[in-house]
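Below is one structure; the comments refer to it alone.
The values are calculated or read from the model by the stated rules, or taken from the named source; none is laboratory data. What you are looking at is a predicted structure, and each value in this text was computed from that prediction instead of being measured. Cβ sites come from the backbone with ideal geometry, for glycine too, and all protein chains shown count toward neighbours.
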Amino acid sequence: AQSVSQHNHHVILSEAASLELGCNYSYGGTVNLFWYVQYPGQHLQLLLKYFSGDPLVKGIKGFEAEFIKSKFSFNLRKPSVQWSDTAEYFCAVTGYSSASKIIFGSGTRLSIRP
Amino acid sequence: NAGVTQTPKFQVLKTGQSMTLQCAQDMNHEYMSWYRQDPGMGLRLIHYSVGAGITDQGEVPNGYNVSRSTTEDFPLRLLSAAPSQTSVYFCASTRTESSYNEQFFGPGTRLTVL
């Protein structure tokens, strides 16, 4: 079955700590991968996306993610978090051509201690 | 551009009542979709539309109807609300169905069914 797993439900870090949020997927065929962020009280926004090419993709606000095909993973990283990174983060996967089959993970809530 | 707008922001219904959640976008996007967001379950696709006059079911369509008479509007109807439909509903749009395109999300509607 197609699915996206985000094993960390709630992560608490201090400012300047490094961040890695896990994302594993189960999806047949070629995939496109996304990380979306939802800041408190706001709607979802795209952080970054992977379609092809370099498996290390860089997004906004210093975030990056690495696609490891052999591990079916697309982990999100940031070397030094800020208080403003407090948000919920969603990993998502879709088929090669169609957004209509997008599958979201359950989300990881990130809390940053000032 | 206003982007994707949703009304109302909050709604409380009694079991059996009907209502329509409104969604509009002013970006001339072909593809629009409705998701529900439940704690620990991420976003799940309810219905989607690849253009005016064309709609299809997503992962969790039961209890919901949609129509797409214009490019701009994509209302979601609950014919007989049930407590299981208590959730936060997000509308999204993208230029075409291709998953290469970023999805733009509305601010959400928080629905409670008593």
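Tabulated data for the structure shown
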| read-out | value |
| --- | --- |
| Single residue of segment B:38-66 satisfying the filter (touching a Lys or Arg at 6+ places or on another chain (Cβ under 8 Å) and among the polar types (S, T, N, Q)) that is modelled with the highest pLDDT | B:65 |
| Residue within segment B:61-69 that is among the β-branched types (Val, Ile, Thr) and either in contact with a strand residue (DSSP E or B) (Cβ under 6 Å, 6 or more places away or on another chain) or free of Cβ contacts under 8 Å to residues at least 12 places away in the same chain (or both) present | yes |
| Residues satisfying the stated conditions in segment B:25-57, i.e. of a type in the set (A, V, I, L, M, F, W, C), within 18 Å of residue B:109 (Cβ to Cβ) and more than 8 Å from every other protein chain (Cβ to nearest Cβ) | B:32, B:34, B:46 |
| Every residue from segment B:19-56 that is in a strand (DSSP E or B), touching a Phe, Trp or Tyr at 6+ places or on another chain (Cβ under 8 Å) and surrounded by fewer than 16 Cβ atoms within 10 Å (Cβ to Cβ) | B:51, B:56 |
| Residue count for segment A:13-38, restricted to those that are polar (S, T, N, Q), touching a Lys or Arg at 6+ places or on another chain (Cβ under 9 Å) and surrounded by fewer than 20 Cβ atoms within 10 Å (Cβ to Cβ) | 3 |
| Selected residue (criterion: modelled with the highest pLDDT) from residues of segment B:75-97 that are touching an Asp or Glu at 6+ places or on another chain (Cβ under 8 Å) and part of a loop (DSSP other than H, G, I, E, B) | B:95 |
| Residue A:87, sole failed condition from (1) farther than 16 Å from residue B:104 by Cα; (2) buried (at least 20 other Cβ atoms within 10 Å of the Cβ); (3) in contact (Cβ under 8 Å) with a residue 60 or more places away in the chain; (4) over 9 Å from the mean Cα position of the chain (by Cα) | (3) |
| Check on residue B:60, in a loop (DSSP other than H, G, I, E, B), surrounded by 15 or more Cβ atoms within 10 Å (Cβ to Cβ) and within 13 Å of chain A (Cβ to nearest Cβ) | yes |
| For residue A:92: the one exception among (1) on the phi > 0 side of the Ramachandran plot; (2) touching a Leu at 6+ places or on another chain (Cβ under 8 Å); (3) within 14 Å of chain B (Cβ to nearest Cβ) | (1) |
